[in-house]
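Here's the structure, in C-alpha coordinates; my notes come after.
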Amino acid sequence: MCQMGDGIAVLPTAPHQPRNGDVLFPFRADSDFFYLTQFPEPEAAMVLAPGRPEGEFILFCREKDPKKEIWDGRREGVQGATANFGADQAFPIDELEATLPSLMENKDRVFTVVGRYPEFDSEIIHGLSQIRNRQRSGVHAPGEIVDLSHLLHEMRLIKRKEELHLMRRAAGITARAHIRAMQSTSPGLYEYQVQAELEYEFRLGGSQWPAYPSIVAGGANACILHYTENSCRLGDGDLLLIDAGAEFDCYAADITRTFPVNGRFSGEQRAVYEVVLAAQAAAIAAVVPERPIIEYHDAAVQVLTEGLVDLGLLTGDPAELIESQAYKRFYMHRTGHWLGMDVHDVGDYKIDDQWRLLEPGMVLTVEPGLYIPAAGDIPQRWHNIGIRIEDDILVTRAGHENLTEKAPKAADDIEHLMSG
Ligand code: GLY
Ligand code: MN
Ligand code: MN
(Lines give C-alpha, C1' and ligand atoms only; values in the text may rest on other atoms or scores of the structure.)
(Ligands and ions follow the chains in the order given, each with its own letter.)
Protein backbone atom coordinates (compact mmCIF):
# COMPACT_ATOMS: atom_id res chain seq x y z
CA MET A 1 0.00 0.00 0.00
CA CYS A 2 2.95 2.33 0.58
CA GLN A 3 3.38 2.70 -3.20
CA MET A 4 -0.11 4.21 -3.50
CA GLY A 5 0.58 7.51 -1.72
CA ASP A 6 -2.64 9.45 -1.33
CA GLY A 7 -4.46 7.13 -3.69
CA ILE A 8 -7.17 4.54 -3.67
CA ALA A 9 -7.16 1.21 -5.48
CA VAL A 10 -10.31 -0.30 -6.95
CA LEU A 11 -10.30 -3.73 -8.55
CA PRO A 12 -13.18 -5.96 -9.68
CA THR A 13 -13.11 -9.70 -10.14
CA ALA A 14 -13.76 -11.15 -13.60
CA PRO A 15 -17.27 -11.07 -15.08
CA HIS A 16 -19.14 -14.37 -15.03
CA GLN A 17 -19.39 -15.20 -18.73
CA PRO A 18 -22.63 -16.56 -20.18
CA ARG A 19 -22.31 -19.75 -22.22
CA ASN A 20 -25.82 -19.93 -23.63
CA GLY A 21 -29.37 -19.41 -22.35
CA ASP A 22 -29.19 -19.32 -18.57
CA VAL A 23 -26.00 -21.42 -18.47
CA LEU A 24 -22.75 -19.78 -17.44
CA PHE A 25 -19.14 -20.85 -18.02
CA PRO A 26 -17.49 -22.08 -14.81
CA PHE A 27 -16.41 -19.00 -12.88
CA ARG A 28 -12.70 -18.28 -12.56
CA ALA A 29 -11.75 -15.20 -10.52
CA ASP A 30 -9.62 -12.44 -12.01
CA SER A 31 -6.04 -13.40 -11.12
CA ASP A 32 -5.06 -9.97 -9.75
CA PHE A 33 -8.23 -9.75 -7.68
CA PHE A 34 -7.73 -13.24 -6.32
CA TYR A 35 -4.06 -12.55 -5.61
CA LEU A 36 -5.05 -9.69 -3.32
CA THR A 37 -8.20 -11.14 -1.75
CA GLN A 38 -8.43 -14.94 -2.20
CA PHE A 39 -12.14 -14.21 -2.61
CA PRO A 40 -13.50 -16.85 -5.02
CA GLU A 41 -17.05 -15.66 -5.77
CA PRO A 42 -18.27 -13.80 -8.85
CA GLU A 43 -19.76 -10.29 -8.62
CA ALA A 44 -17.17 -8.84 -6.28
CA ALA A 45 -14.81 -5.89 -6.11
CA MET A 46 -12.20 -4.67 -3.68
CA VAL A 47 -11.12 -1.24 -2.56
CA LEU A 48 -7.85 -0.41 -0.82
CA ALA A 49 -7.99 2.96 0.89
CA PRO A 50 -4.81 3.56 2.91
CA GLY A 51 -5.43 5.59 6.04
CA ARG A 52 -9.23 5.38 5.89
CA PRO A 53 -10.34 5.33 9.56
CA GLU A 54 -13.36 3.01 9.04
CA GLY A 55 -11.18 0.43 7.33
CA GLU A 56 -8.55 0.23 4.60
CA PHE A 57 -9.55 -3.04 2.90
CA ILE A 58 -13.14 -3.06 1.68
CA LEU A 59 -14.82 -5.93 -0.12
CA PHE A 60 -18.01 -5.59 -2.13
CA CYS A 61 -19.77 -8.91 -2.70
CA ARG A 62 -23.11 -10.62 -3.13
CA GLU A 63 -25.36 -10.59 -0.11
CA LYS A 64 -26.51 -13.81 1.45
CA ASP A 65 -29.83 -14.89 -0.05
CA PRO A 66 -31.30 -18.18 1.19
CA LYS A 67 -33.56 -18.58 -1.87
CA LYS A 68 -30.80 -17.97 -4.44
CA GLU A 69 -28.37 -20.12 -2.47
CA ILE A 70 -30.73 -23.08 -2.87
CA TRP A 71 -30.30 -22.75 -6.64
CA ASP A 72 -26.76 -21.50 -7.14
CA GLY A 73 -24.81 -22.43 -4.04
CA ARG A 74 -23.51 -20.87 -0.87
CA ARG A 75 -22.40 -17.26 -0.62
CA GLU A 76 -20.05 -15.66 1.86
CA GLY A 77 -22.16 -12.55 2.15
CA VAL A 78 -20.77 -9.41 3.73
CA GLN A 79 -20.37 -11.22 7.08
CA GLY A 80 -18.22 -13.91 5.46
CA ALA A 81 -16.15 -11.32 3.61
CA THR A 82 -15.03 -9.74 6.88
CA ALA A 83 -14.92 -12.93 8.99
CA ASN A 84 -13.14 -15.18 6.47
CA PHE A 85 -11.27 -12.91 4.05
CA GLY A 86 -9.81 -10.26 6.31
CA ALA A 87 -11.82 -7.35 4.93
CA ASP A 88 -12.11 -4.46 7.36
CA GLN A 89 -15.53 -3.70 5.94
CA ALA A 90 -17.83 -5.33 3.40
CA PHE A 91 -20.82 -4.02 1.49
CA PRO A 92 -23.29 -5.53 -0.97
CA ILE A 93 -21.97 -5.33 -4.54
CA ASP A 94 -25.19 -3.53 -5.53
CA GLU A 95 -23.98 -0.58 -3.46
CA LEU A 96 -20.65 -0.23 -5.23
CA GLU A 97 -21.78 2.32 -7.79
CA ALA A 98 -23.35 4.57 -5.18
CA THR A 99 -20.44 4.21 -2.75
CA LEU A 100 -17.51 4.69 -5.16
CA PRO A 101 -17.73 8.51 -5.38
CA SER A 102 -17.48 8.99 -1.63
CA LEU A 103 -14.52 6.58 -1.46
CA MET A 104 -12.70 8.37 -4.27
CA GLU A 105 -13.39 11.96 -3.27
CA ASN A 106 -10.43 14.06 -2.13
CA LYS A 107 -7.96 11.39 -3.27
CA ASP A 108 -5.19 12.37 -5.67
CA ARG A 109 -5.30 9.28 -7.82
CA VAL A 110 -7.26 6.12 -8.50
CA PHE A 111 -5.40 2.90 -9.18
CA THR A 112 -7.32 0.37 -11.23
CA VAL A 113 -6.85 -2.16 -14.04
CA VAL A 114 -7.43 0.33 -16.84
CA GLY A 115 -8.96 -1.20 -19.96
CA ARG A 116 -9.42 -4.75 -18.66
CA TYR A 117 -13.15 -4.55 -17.94
CA PRO A 118 -14.67 -1.67 -19.94
CA GLU A 119 -17.91 -1.67 -17.93
CA PHE A 120 -15.96 -1.22 -14.74
CA ASP A 121 -13.89 1.56 -16.30
CA SER A 122 -17.16 3.35 -17.07
CA GLU A 123 -18.29 2.93 -13.48
CA ILE A 124 -15.15 4.65 -12.24
CA ILE A 125 -15.40 7.46 -14.77
CA HIS A 126 -19.05 7.92 -13.87
CA GLY A 127 -18.04 8.12 -10.18
CA LEU A 128 -15.40 10.74 -10.99
CA SER A 129 -17.87 12.92 -12.84
CA GLN A 130 -20.28 12.69 -9.91
CA ILE A 131 -17.56 14.04 -7.61
CA ARG A 132 -16.78 16.85 -10.07
CA ASN A 133 -20.47 17.80 -10.08
CA ARG A 134 -20.18 18.42 -6.34
CA GLN A 135 -16.95 20.38 -6.58
CA ARG A 136 -18.57 23.55 -5.26
CA SER A 137 -19.19 21.82 -1.93
CA GLY A 138 -15.41 21.70 -1.49
CA VAL A 139 -14.57 18.16 -2.59
CA HIS A 140 -12.08 17.38 -5.33
CA ALA A 141 -11.96 14.47 -7.72
CA PRO A 142 -8.77 12.44 -8.24
CA GLY A 143 -6.72 13.98 -11.03
CA GLU A 144 -5.13 10.74 -12.23
CA ILE A 145 -6.24 7.24 -13.08
CA VAL A 146 -3.20 4.98 -12.76
CA ASP A 147 -2.93 1.45 -14.11
CA LEU A 148 -2.56 -0.91 -11.18
CA SER A 149 -1.58 -3.85 -13.37
CA HIS A 150 2.11 -3.13 -13.64
CA LEU A 151 2.56 -2.64 -9.89
CA LEU A 152 0.68 -5.84 -9.13
CA HIS A 153 2.36 -7.87 -11.83
CA GLU A 154 5.80 -7.07 -10.52
CA MET A 155 4.60 -8.34 -7.13
CA ARG A 156 3.12 -11.49 -8.68
CA LEU A 157 6.40 -12.25 -10.45
CA ILE A 158 8.14 -13.08 -7.17
CA LYS A 159 6.26 -15.96 -5.58
CA ARG A 160 5.66 -16.04 -1.84
CA LYS A 161 5.98 -19.22 0.23
CA GLU A 162 2.22 -19.81 0.25
CA GLU A 163 2.07 -19.39 -3.52
CA LEU A 164 4.90 -21.86 -4.02
CA HIS A 165 3.01 -24.33 -1.88
CA LEU A 166 0.09 -24.15 -4.32
CA MET A 167 2.40 -24.32 -7.33
CA ARG A 168 3.98 -27.46 -5.92
CA ARG A 169 0.51 -28.96 -5.51
CA ALA A 170 -0.34 -28.16 -9.13
CA ALA A 171 3.05 -29.51 -10.27
CA GLY A 172 2.66 -32.75 -8.31
CA ILE A 173 -0.83 -33.44 -9.63
CA THR A 174 0.34 -32.70 -13.16
CA ALA A 175 3.38 -34.99 -12.91
CA ARG A 176 1.15 -37.84 -11.75
CA ALA A 177 -1.22 -37.17 -14.62
CA HIS A 178 1.56 -37.36 -17.20
CA ILE A 179 2.68 -40.67 -15.69
CA ARG A 180 -0.88 -41.97 -15.93
CA ALA A 181 -1.08 -40.82 -19.55
CA MET A 182 2.13 -42.69 -20.40
CA GLN A 183 0.88 -45.82 -18.67
CA SER A 184 -2.47 -45.79 -20.41
CA THR A 185 -1.32 -45.03 -23.97
CA SER A 186 -1.30 -47.71 -26.64
CA PRO A 187 -1.74 -47.81 -30.43
CA GLY A 188 -5.33 -47.55 -31.61
CA LEU A 189 -6.58 -45.31 -28.79
CA TYR A 190 -7.83 -41.84 -29.64
CA GLU A 191 -6.02 -38.76 -28.38
CA TYR A 192 -9.09 -37.76 -26.37
CA GLN A 193 -9.01 -41.07 -24.51
CA VAL A 194 -5.51 -40.30 -23.26
CA GLN A 195 -6.69 -36.77 -22.46
CA ALA A 196 -9.43 -38.32 -20.32
CA GLU A 197 -6.89 -40.35 -18.31
CA LEU A 198 -4.75 -37.26 -17.83
CA GLU A 199 -7.56 -34.94 -16.77
CA TYR A 200 -9.07 -37.67 -14.57
CA GLU A 201 -5.86 -37.54 -12.57
CA PHE A 202 -6.03 -33.73 -12.43
CA ARG A 203 -9.45 -33.83 -10.84
CA LEU A 204 -8.60 -36.79 -8.64
CA GLY A 205 -5.76 -34.73 -7.18
CA GLY A 206 -8.07 -31.82 -6.37
CA SER A 207 -7.32 -29.61 -9.35
CA GLN A 208 -10.41 -27.59 -10.31
CA TRP A 209 -9.66 -27.69 -14.05
CA PRO A 210 -6.77 -27.61 -16.51
CA ALA A 211 -4.75 -24.38 -16.47
CA TYR A 212 -5.11 -24.24 -20.28
CA PRO A 213 -6.59 -26.53 -22.93
CA SER A 214 -4.66 -29.82 -22.92
CA ILE A 215 -2.63 -30.56 -26.03
CA VAL A 216 -2.65 -34.32 -26.75
CA ALA A 217 -1.01 -34.55 -30.14
CA GLY A 218 -0.08 -37.82 -31.84
CA GLY A 219 2.23 -38.10 -34.85
CA ALA A 220 2.15 -35.10 -37.19
CA ASN A 221 -0.22 -33.25 -34.83
CA ALA A 222 2.75 -32.64 -32.53
CA CYS A 223 4.09 -30.21 -35.15
CA ILE A 224 0.98 -28.01 -34.65
CA LEU A 225 2.09 -26.03 -31.63
CA HIS A 226 -1.36 -25.29 -30.21
CA TYR A 227 -3.18 -28.44 -31.36
CA THR A 228 -6.16 -28.98 -29.03
CA GLU A 229 -8.70 -30.95 -31.10
CA ASN A 230 -7.30 -34.17 -29.59
CA SER A 231 -9.52 -36.15 -31.95
CA CYS A 232 -7.16 -38.44 -33.90
CA ARG A 233 -6.29 -42.09 -33.52
CA LEU A 234 -2.82 -42.92 -32.21
CA GLY A 235 -0.68 -44.85 -34.67
CA ASP A 236 1.78 -47.62 -33.84
CA GLY A 237 5.24 -46.09 -34.34
CA ASP A 238 4.10 -42.51 -33.71
CA LEU A 239 5.13 -40.22 -30.91
CA LEU A 240 2.59 -38.60 -28.60
CA LEU A 241 3.25 -35.06 -27.36
CA ILE A 242 1.24 -34.03 -24.32
CA ASP A 243 1.37 -30.43 -23.10
CA ALA A 244 -1.01 -30.17 -20.16
CA GLY A 245 -1.08 -28.67 -16.70
CA ALA A 246 -3.46 -28.65 -13.77
CA GLU A 247 -4.66 -25.51 -12.07
CA PHE A 248 -4.82 -25.75 -8.28
CA ASP A 249 -6.52 -22.93 -6.37
CA CYS A 250 -5.69 -20.51 -9.21
CA TYR A 251 -2.05 -21.60 -9.66
CA ALA A 252 -0.88 -23.35 -12.82
CA ALA A 253 1.51 -26.11 -13.73
CA ASP A 254 2.70 -26.52 -17.33
CA ILE A 255 4.38 -29.79 -18.30
CA THR A 256 5.14 -31.26 -21.71
CA ARG A 257 6.25 -34.82 -22.25
CA THR A 258 6.73 -36.65 -25.53
CA PHE A 259 6.79 -40.43 -25.68
CA PRO A 260 6.30 -43.30 -28.14
CA VAL A 261 2.73 -44.53 -28.53
CA ASN A 262 3.92 -48.16 -28.55
CA GLY A 263 6.35 -47.70 -25.68
CA ARG A 264 9.61 -47.92 -27.72
CA PHE A 265 11.38 -44.97 -29.38
CA SER A 266 12.54 -45.63 -32.96
CA GLY A 267 16.16 -44.78 -33.75
CA GLU A 268 15.25 -41.46 -35.37
CA GLN A 269 12.79 -40.55 -32.63
CA ARG A 270 15.34 -41.25 -29.94
CA ALA A 271 18.06 -39.30 -31.76
CA VAL A 272 15.89 -36.18 -31.96
CA TYR A 273 14.63 -36.75 -28.41
CA GLU A 274 18.16 -36.79 -27.00
CA VAL A 275 18.92 -33.45 -28.69
CA VAL A 276 15.85 -31.82 -27.15
CA LEU A 277 16.58 -33.35 -23.75
CA ALA A 278 20.18 -32.08 -23.86
CA ALA A 279 18.95 -28.63 -24.90
CA GLN A 280 16.56 -28.62 -21.97
CA ALA A 281 19.32 -29.62 -19.55
CA ALA A 282 21.55 -26.82 -20.85
CA ALA A 283 18.70 -24.32 -20.56
CA ILE A 284 17.79 -25.41 -17.02
CA ALA A 285 21.45 -25.07 -16.02
CA ALA A 286 21.30 -21.43 -17.14
CA VAL A 287 18.39 -20.67 -14.78
CA VAL A 288 20.28 -19.08 -11.90
CA PRO A 289 19.89 -15.75 -10.10
CA GLU A 290 21.54 -12.66 -11.55
CA ARG A 291 21.69 -14.09 -15.07
CA PRO A 292 19.68 -12.34 -17.83
CA ILE A 293 16.57 -14.32 -18.70
CA ILE A 294 17.56 -14.52 -22.37
CA GLU A 295 20.54 -16.74 -21.54
CA TYR A 296 18.50 -19.87 -21.00
CA HIS A 297 16.85 -19.45 -24.38
CA ASP A 298 20.24 -18.91 -26.01
CA ALA A 299 21.58 -22.04 -24.27
CA ALA A 300 18.72 -24.12 -25.70
CA VAL A 301 19.13 -22.70 -29.21
CA GLN A 302 22.86 -23.49 -29.13
CA VAL A 303 22.35 -27.17 -28.27
CA LEU A 304 19.38 -27.58 -30.62
CA THR A 305 21.27 -26.08 -33.56
CA GLU A 306 24.36 -28.21 -32.96
CA GLY A 307 22.08 -31.23 -32.70
CA LEU A 308 20.33 -30.38 -35.98
CA VAL A 309 23.73 -30.27 -37.66
CA ASP A 310 24.76 -33.60 -36.11
CA LEU A 311 21.51 -35.17 -37.31
CA GLY A 312 22.10 -33.81 -40.83
CA LEU A 313 18.93 -31.73 -40.77
CA LEU A 314 20.94 -28.51 -41.09
CA THR A 315 24.30 -28.08 -42.72
CA GLY A 316 26.85 -25.44 -41.87
CA ASP A 317 28.46 -23.79 -38.93
CA PRO A 318 26.13 -23.71 -35.89
CA ALA A 319 27.13 -20.13 -35.04
CA GLU A 320 26.13 -18.99 -38.54
CA LEU A 321 22.93 -21.06 -38.48
CA ILE A 322 22.02 -19.31 -35.24
CA GLU A 323 22.95 -15.91 -36.66
CA SER A 324 20.81 -16.49 -39.78
CA GLN A 325 18.05 -18.04 -37.64
CA ALA A 326 18.05 -21.14 -39.88
CA TYR A 327 17.20 -23.22 -36.79
CA LYS A 328 13.79 -21.55 -36.69
CA ARG A 329 12.56 -23.93 -39.37
CA PHE A 330 12.59 -26.59 -36.65
CA TYR A 331 12.37 -24.49 -33.47
CA MET A 332 10.03 -21.55 -33.93
CA HIS A 333 9.02 -20.68 -30.37
CA ARG A 334 10.80 -19.29 -27.35
CA THR A 335 12.17 -21.52 -24.61
CA GLY A 336 9.70 -20.51 -21.94
CA HIS A 337 7.68 -17.96 -20.04
CA TRP A 338 6.82 -16.88 -16.52
CA LEU A 339 4.46 -19.26 -14.71
CA GLY A 340 2.13 -18.53 -11.82
CA MET A 341 -1.58 -17.85 -11.50
CA ASP A 342 -1.71 -17.55 -15.29
CA VAL A 343 0.00 -20.14 -17.43
CA HIS A 344 1.71 -17.36 -19.38
CA ASP A 345 2.13 -15.37 -16.24
CA VAL A 346 2.49 -11.64 -15.79
CA GLY A 347 5.70 -9.70 -15.33
CA ASP A 348 8.04 -7.85 -17.65
CA TYR A 349 10.78 -9.73 -19.49
CA LYS A 350 12.79 -6.59 -20.19
CA ILE A 351 13.52 -3.55 -18.05
CA ASP A 352 14.64 -0.39 -19.88
CA ASP A 353 15.02 -2.48 -23.02
CA GLN A 354 17.43 -4.91 -21.33
CA TRP A 355 16.59 -8.56 -20.57
CA ARG A 356 15.89 -8.66 -16.85
CA LEU A 357 18.00 -10.64 -14.39
CA LEU A 358 16.55 -13.74 -12.78
CA GLU A 359 15.73 -13.46 -9.08
CA PRO A 360 14.89 -16.00 -6.38
CA GLY A 361 11.13 -16.60 -6.27
CA MET A 362 10.56 -16.31 -10.02
CA VAL A 363 9.09 -19.40 -11.70
CA LEU A 364 9.51 -20.05 -15.41
CA THR A 365 9.03 -22.89 -17.85
CA VAL A 366 11.88 -24.45 -19.80
CA GLU A 367 10.42 -25.99 -22.91
CA PRO A 368 12.67 -26.46 -25.94
CA GLY A 369 11.42 -28.57 -28.83
CA LEU A 370 12.06 -29.68 -32.38
CA TYR A 371 9.35 -30.01 -34.99
CA ILE A 372 10.32 -31.63 -38.28
CA PRO A 373 7.90 -31.00 -41.13
CA ALA A 374 7.11 -33.53 -43.87
CA ALA A 375 8.93 -31.47 -46.50
CA GLY A 376 10.38 -32.74 -49.75
CA ASP A 377 13.94 -31.70 -48.94
CA ILE A 378 13.97 -33.62 -45.66
CA PRO A 379 14.53 -37.42 -45.68
CA GLN A 380 11.24 -39.15 -44.95
CA ARG A 381 12.52 -40.98 -41.88
CA TRP A 382 12.50 -37.68 -39.95
CA HIS A 383 9.08 -36.54 -41.12
CA ASN A 384 6.53 -35.40 -38.53
CA ILE A 385 8.71 -35.99 -35.53
CA GLY A 386 7.57 -33.32 -33.07
CA ILE A 387 9.14 -33.26 -29.63
CA ARG A 388 8.90 -30.80 -26.74
CA ILE A 389 10.02 -31.33 -23.15
CA GLU A 390 8.81 -28.81 -20.58
CA ASP A 391 9.41 -28.37 -16.87
CA ASP A 392 8.58 -25.67 -14.35
CA ILE A 393 11.65 -24.18 -12.73
CA LEU A 394 11.81 -22.07 -9.58
CA VAL A 395 14.75 -19.69 -9.28
CA THR A 396 16.29 -20.16 -5.83
CA ARG A 397 19.09 -18.36 -4.02
CA ALA A 398 21.41 -21.30 -4.72
CA GLY A 399 20.35 -21.76 -8.35
CA HIS A 400 17.07 -23.44 -9.20
CA GLU A 401 14.61 -26.16 -8.27
CA ASN A 402 12.67 -28.23 -10.79
CA LEU A 403 9.09 -28.30 -9.52
CA THR A 404 8.06 -30.94 -12.06
CA GLU A 405 10.95 -33.38 -11.92
CA LYS A 406 8.65 -36.25 -10.88
CA ALA A 407 7.38 -36.53 -14.45
CA PRO A 408 9.85 -38.95 -16.10
CA LYS A 409 11.72 -37.69 -19.14
CA ALA A 410 14.85 -39.80 -19.71
CA ALA A 411 14.07 -41.97 -22.74
CA ASP A 412 14.99 -45.17 -20.86
CA ASP A 413 12.82 -44.20 -17.88
CA ILE A 414 9.85 -43.58 -20.16
CA GLU A 415 10.32 -46.91 -21.94
CA HIS A 416 10.66 -48.67 -18.59
CA LEU A 417 7.49 -47.03 -17.25
CA MET A 418 5.53 -47.89 -20.38
CA SER A 419 6.71 -51.50 -20.43
CA GLY A 420 5.24 -52.01 -16.94
N1 GLY B 1 1.04 -24.80 -22.61
C2 GLY B 1 1.37 -23.58 -23.16
C3 GLY B 1 2.79 -23.37 -23.16
O4 GLY B 1 3.54 -24.30 -22.97
O5 GLY B 1 3.25 -22.29 -23.32
MN1 MN C 1 3.08 -26.11 -22.00
MN1 MN D 1 4.69 -23.42 -21.38
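A compact table of results
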| quantity | calculated |
| --- | --- |
| GNM top mover of Gly347, Gly237, Gly245 - the chain, alpha-carbon springs below 10 Å | Gly237 |
| Pairs of alpha carbons in the stretch 294-346 whose separation is greater than 13 Å (percent) | 59 |
| Above-threshold pairs, the threshold being 28 Å between Cα atoms, out of Lys159/Lys409; Lys350/Lys409; Lys350/Lys406; Lys67/Lys161; Lys161/Lys350; Lys328/Lys406 | Lys350/Lys409; Lys350/Lys406; Lys67/Lys161; Lys328/Lys406 |
| Per-residue SASA entry for Val303, accessible area with 1.4 Å probe, Å² rounded to 10 | 30 |
| Glu306, Glu41, ranked by accessible area, largest first (probe 1.4 Å) | Glu306, Glu41 |
| Rg and Dmax of the stretch 101-151, Cα atoms only, in Å | 11.1, 35 |
| Whether the stretch 268-369 is rounded, prolate or oblate, judged on the alpha carbon gyration tensor where a/c under 1.5 counts as rounded | prolate |
| Mean residue ellipticity (222 nm) of the chain, computed from DSSP H runs ≥ 4 via -39,500 (n - 2.57), nearest 500 | -11000 deg cm²/dmol |
| The chain, accessible surface, carbon-and-sulfur percent (1.4 angstrom probe) | 51 |
| Tensor-based shape of the stretch 300-420 (alpha-carbon gyration tensor, a/c under 1.5 rounded, otherwise prolate or oblate) | oblate |
| Global geometry of the stretch 75-160, whether rounded, prolate or oblate, following the gyration tensor of its Cα atoms and the 1.5 cut on a/c | oblate |
| Potential lengthening between Leu103 and Lys161 on full extension [0.36 nm per residue; Cα-Cα distance subtracted] | 17.6 nm |
| For the chain, built as a Gaussian network whose Cα springs stay under 10 Å, the top-fluctuating residue of Arg52, Arg28, Arg291 | Arg52 |
| Glu154-Asp6 pseudo-label distance in nm [points 7 Å out on the Cα-to-Cβ vector] | 2.3 |
| Pairs of Cα atoms farther than 17 Å apart, the stretch 328-387, % | 56 |
| Kirkwood-Stokes translational diffusion coefficient of the stretch 213-281, alpha-carbon pairs, 10 °C, 1.306 mPa s, µm²/s | 122 |
| Distance (nanometres) between label positions extended 7 Å along Cα→Cβ at Glu69 and Asp352 | 5.5 |
| Square roots of five times the Cα gyration tensor eigenvalues for the chain, Å | 47, 25, 18 |
| Normalised contact order of the chain, rounded percent, pairs of Cα under 8 Å and 6 or more residues apart | 13 |
| Accessible area per residue, Å², the chain with all protein chains present, probe 1.4 Å | 46 |
| Choice from Gly138, Gly399, Gly21 showing the highest fluctuation, given a GNM over the chain with Cα pairs closer than 10 Å | Gly21 |
| Approximate spin-label separation Tyr200-Ile224, in nm, with each point projected 7 Å along Cα-to-Cβ | 2.5 |
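The values are calculated or read from the model by the stated rules, or taken from the named source; none is laboratory data. Remember, it's a predicted structure, so these values are computed and weren't measured experimentally. Glycine also receives a Cβ, built like all others from the backbone with ideal geometry; neighbour counts cover every protein chain displayed. Remember, those area values only see protein heavy atoms, side chains included, never the ligands or the DNA or RNA. Shrake-Rupley method; radii C 1.70, N 1.55, O 1.52, S 1.80 Å.
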